[in-house]
Protein chains: 2
Amino acid sequence: MQPPAALSRYREPLELHLRALLDTQQPPALRRMLCYHLGWEEADGSTADHTGKRLRPTLCLLACEALGGEASHALPIAAALELVHNFSLVHDDVQDRDRKRHGRDTVWALWGESQAINAGDALLAISHRAIASAAEAGLPTAAVVLATGLLAERTLEMVEGQVMDLGFESRTDVSEDEYLAMVSRKTGALFDASLALGAIAAGASSPSIESLGRCGRALGIAFQARDDALGVWGDESRTGKAAGADIRRRKKSLPVILTFARADAGHRGQLARIYSQEDVGERDVDWVLGVMDSLDAQAYCSDLAGRYRDSALRELASAGLSATGGRELRETADFLLARDY
Amino acid sequence: MQPPAALSRYREPLELHLRALLDTQQPPALRRMLCYHLGWEEADGSTADHTGKRLRPTLCLLACEALGGEASHALPIAAALELVHNFSLVHDDVQDRDRKRHGRDTVWALWGESQAINAGDALLAISHRAIASAAEAGLPTAAVVLATGLLAERTLEMVEGQVMDLGFESRTDVSEDEYLAMVSRKTGALFDASLALGAIAAGASSPSIESLGRCGRALGIAFQARDDALGVWGDESRTGKAAGADIRRRKKSLPVILTFARADAGHRGQLARIYSQEDVGERDVDWVLGVMDSLDAQAYCSDLAGRYRDSALRELASAGLSATGGRELRETADFLLARDY
């Protein structure tokens with residue numbers, strides 16, 4: 001499935017805005033980590049092009065435009081969302097001890113944990129500087145204050161979600177409700193902020209802002225459920241991760257939570273044994289994949305993602321968007337759920 | 001020397017404000033770390049009283065009042081400053097592998113590095129939520145936006161300073177200028193923000209805001225020079241740190257930078273050897289203390305602190321403060337330089 005054209009409409013101005021925020025950063029040891037992580041440079045400082053989908057800022061700009069706002073006023077806010085997202089990736093990689101992300105070395109793997117903590121901290125600070133600068137880009141100060149408070153609140157929720165997720169690592173009895181409460185924070189909160197901040201930048205009413213926020217949160221949960229499914233059943237040539245990758249690294253993602261919850265007592269004991277090992281071998285991965293198949297875990301993940309996508313689309317329908325804007329956001333939602341990478 | 005009365009004037013409303021920001025935090029695993037680090041609870045959740053001097057927020061409130069502002073409007077901003085300070089402490093302890101701070105276990109020593117990274121991240125996010133809430137406390141939205149941008153900029157500078165400081169660890173040729181550039185960011189930036197944000201909350205003019213910012217920065221550098229001296233020559237019964245503590249942990253603080261820069265070639269070679277060891281023993285600590293004495297390093301640190309204090313006081317004199325407010329800030333500056341803990 002091809003990404004909808006709307007997803008790339010703001011790529012150039014957004015990338016220019018992000019570069020302007022980071023390009024002159026000092027000292028060089030910090031700038032290097034930021035430009036590497038954002039995908040513009042290789043580790044040796046040579047030019048690269050590994051930029052991601054820039055999904056969150058694009059959702060923000062699409063929402064702003066769909067509500068009749070001026071996307072250029074929202075650019076600093078959109079950039080702030082991308083920086084918050086990247087702050088969380090850099091720190092997550094330290095916390096999860098992941099040495100690779102999308103096939104590239106992670107920041108801590110290259111420059112050590114301490115400097116990676118600094119890189120993440122800097123991204124979060126720069127995001128707040130960016131959002132304050134939206135006043136100079138033409139946004140009323142009351143809207144900037146509203147946006148600042150909302151972004152801070154959602155960033156805090158992401159951290160809460162990460163605290164919960166790390167707490168799951170040592171448990172084998174995480175319920176689906178607990179998983180959803182975690183994911184609503186860890187992933188849903190920033191999708192919520194992405195659409196809600198777009199509405200704030202457009203000068204929308206409180207009900208519209210809240211409705212788009214709920215839409216974004218449901219979309220974020222659906223997105224994460226899809227991501228979790230790809231981490232187990234994805235095609236390596238598309239995702240850059242081997243099939244079963246999230247089983248091998250013992251990640252308590254949705255398929256695993258479901259499998260623990262639905263397996264019979266015998267299988268659950270064996271699962272607990274596998275998930276308590278330091279290293280999970282190929283035979284164990286295959287055995288877990290077999291249990292997941294017997295429990296229809298893949299269909300269950302996809303049903304759950306579909307339910308949240310439907311809920312997101314219902315919110316979208318009542319948010320007072322332009323016809324074109326509404327269609328573009330629906331197409332984007334469909335793509336996020338159907339994507340194979 | 002007793003701390004001046006002004007330093008404790010806002011202790012109660014400030015502590016109440018900070019508690020309101022953190023007390024209902026979820027999940028419990030996050031709340032526990034925050035309330036422990038802020039000094040209100042022991043690690044087991046029982047009540048404690050280990051709160052610090054709350055220096056930065058107090059400077060902010062004193063500056064606001066000295067410029068005729070209403071301190072209650074500045075409380076959320078003052079609280080934000082204390083939270084940014086604590087964010088940096090929690091992450092610094094992870095980065096420096098320090099297991100104790102003022103005699104208490106550090107957050108990472110108790111709950112692990114990953115959760116400590118989350119605790120620091122949460123404090124930074126909550127600080128931005130707090131500053132946005134200053135609009136509800138009665139501050140005009142334009143002032144809130146200005147304060148948000150300035151705090152973000154200064155927070156970023158702190159991170160830059162930390163990147164530089166970590167870069168010093170592997171070097172033996174750090175110059176005094178490099179040290180000052182680092183400390184101006186790592187410590188000076190948040191003192192700058194403390195006084196400047198107080199001025200913003202008072203609705204002061206740009207020149208007053210800038211002058212108080214420069215005053216704060218000079219004061220911060222003087223404060224750090226004093227802190228560095230106490231880390232080498234402090235009285236353990238007052239500082240909670242053994243004399244020579246910063247030599248034992250091979251910290252590249254001001255006395256060490258000076259000693260490397262001023263020692264003759266023979267001494268410098270021996271110093272480099274000592275600072276390249278994993279563990280620095282008592283005999284080495286004594287030898288380094290002896291070299292420092294022969295170079296008058298203590299007097300040099302105290303002169304440097306005095307010069308920055310004088311520069312801070314000159315800025316203060318031109319900032320248009322009330323007579324009482326000016327006197328209180330001068331007394332506070334004097335105390336920060338004369339303190340023995």
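The values are calculated or read from the model by the stated rules, or taken from the named source; none is laboratory data. Please read all numbers here as calculations on a predicted model, not as lab measurements. All Cβ positions, even for glycine, are placed from backbone atoms using ideal geometry, and neighbour counts span all protein chains on display.
Residue-level check: of (1) without any contact (Cβ under 8 Å) to a residue 12 or more places away in the chain; (2) outside any helix (DSSP H, G or I), B:Asp303 misses just (2). Taking every residue in the range A:151-168 that is closer than 25 Å to A:Ala201 by Cα and facing chain B (nearest Cβ under 7 Å) and pairing it with any residue that is surrounded by fewer than 23 Cβ atoms within 10 Å (Cβ to Cβ) and modelled with pLDDT of 95 or more, at least 6 positions away or on another chain, the pairs with Cβ-Cβ distances below 7 Å are A:Ala152/B:Arg129; A:Glu153/B:Arg129; A:Leu156/B:Arg129.
All conditions in (1) under 20 Å from the mean Cα position of the chain (by Cα); (2) surrounded by fewer than 18 Cβ atoms within 10 Å (Cβ to Cβ) hold for B:Ser170, with the sole exception of (1). The sole residue among A:Gly220, A:Gly138, A:Gly149, A:Gly216 that is out of contact with any strand residue (DSSP E or B) (no Cβ under 8 Å at 6 or more places or on another chain) and at positive phi is A:Gly138. Taking the criterion of being in a helix (DSSP H, G or I), of a type outside the set (Asp, Glu) and closer than 18 Å to B:Glu113 by Cβ, the residues of the range A:111-123 that qualify are A:Trp111, A:Ser114, A:Gln115, A:Ala116, A:Ile117, A:Asn118, A:Ala119, A:Gly120.
How many residues are under 19 Å from A:Met164 (Cα atoms), without any contact (Cβ under 8 Å) to a residue 60 or more places away in the chain and part of a helix (DSSP H, G or I) if we restrict to the range A:248-265? Matching residues across the range A:248-265 total 2. The set of residues in the range B:83-123 being farther than 21 Å from B:Leu14 by Cβ and of a type in the set (Ser, Thr, Tyr) consists of B:Thr106, B:Ser114.
What residue, among those in the range A:213-247 that are part of a helix (DSSP H, G or I) and in contact with a Gly (Cβ under 7 Å, 6 or more places away or on another chain), is surrounded by the fewest Cβ atoms within 10 Å (Cβ to Cβ)? Ranking the qualifying residues of the range A:213-247, first place goes to A:Ala245.
For the range B:131-149, the set of residues classified as facing another protein chain (nearest Cβ under 8 Å) and under 29 Å from A:Ser114 (Cα atoms) consists of B:Ile131, B:Thr148, B:Gly149, listed by residue number. Filtering B:Asp105, B:Asp98, B:Asp92 for residues that are within 14 Å of chain A (Cβ to nearest Cβ), modelled with pLDDT of 95 or more and either buried (at least 24 other Cβ atoms within 10 Å of the Cβ) or within 25 Å of A:Gly120 (Cα to Cα) (or both) leaves a single hit, B:Asp92. Selection over the range B:65-110 of residues that are in a helix (DSSP H, G or I) and among the acidic types (Asp, Glu) gives a count of 5.
Scan the range B:20-40 and give yes if some residue there is surrounded by fewer than 19 Cβ atoms within 10 Å (Cβ to Cβ) and under 27 Å from B:Ala242 (Cβ atoms), otherwise no. Yes, the range B:20-40 contains at least one residue that is surrounded by fewer than 19 Cβ atoms within 10 Å (Cβ to Cβ) and under 27 Å from B:Ala242 (Cβ atoms). Taking the conditions (1) touching a residue at least 24 places away in the same chain (Cβ under 8 Å); (2) buried (at least 21 other Cβ atoms within 10 Å of the Cβ); (3) part of a helix (DSSP H, G or I); (4) of a type outside the set (Lys, Arg) in turn, A:Ala272 satisfies each one other than (2).
Taking the conditions exactly as written (within 15 Å of A:Ala134 (Cβ to Cβ) and either out of contact with any Phe, Trp or Tyr (no Cβ under 7 Å at 6 or more places or on another chain) or in a helix (DSSP H, G or I) (or both)), does B:Ala152 satisfy them or not? Considered against the rule, which asks whether it is within 15 Å of A:Ala134 (Cβ to Cβ) and either out of contact with any Phe, Trp or Tyr (no Cβ under 7 Å at 6 or more places or on another chain) or in a helix (DSSP H, G or I) (or both), B:Ala152 comes out as yes. A Cβ distance below 6 Å, combined with a sequence gap of six or more or placement on separate chains, defines the contacts here; from the range B:124-139, residues that are closer than 17 Å to B:Ser194 by Cα reach residues that are of a type in the set (Val, Ile, Thr) and in a helix (DSSP H, G or I) in the pairs B:Ser127/B:Val84; B:Ile131/B:Ile77; B:Ile131/B:Thr148; B:Ala132/A:Val145; B:Ala132/A:Thr148; B:Ala134/B:Ile77; B:Ala134/B:Val144.
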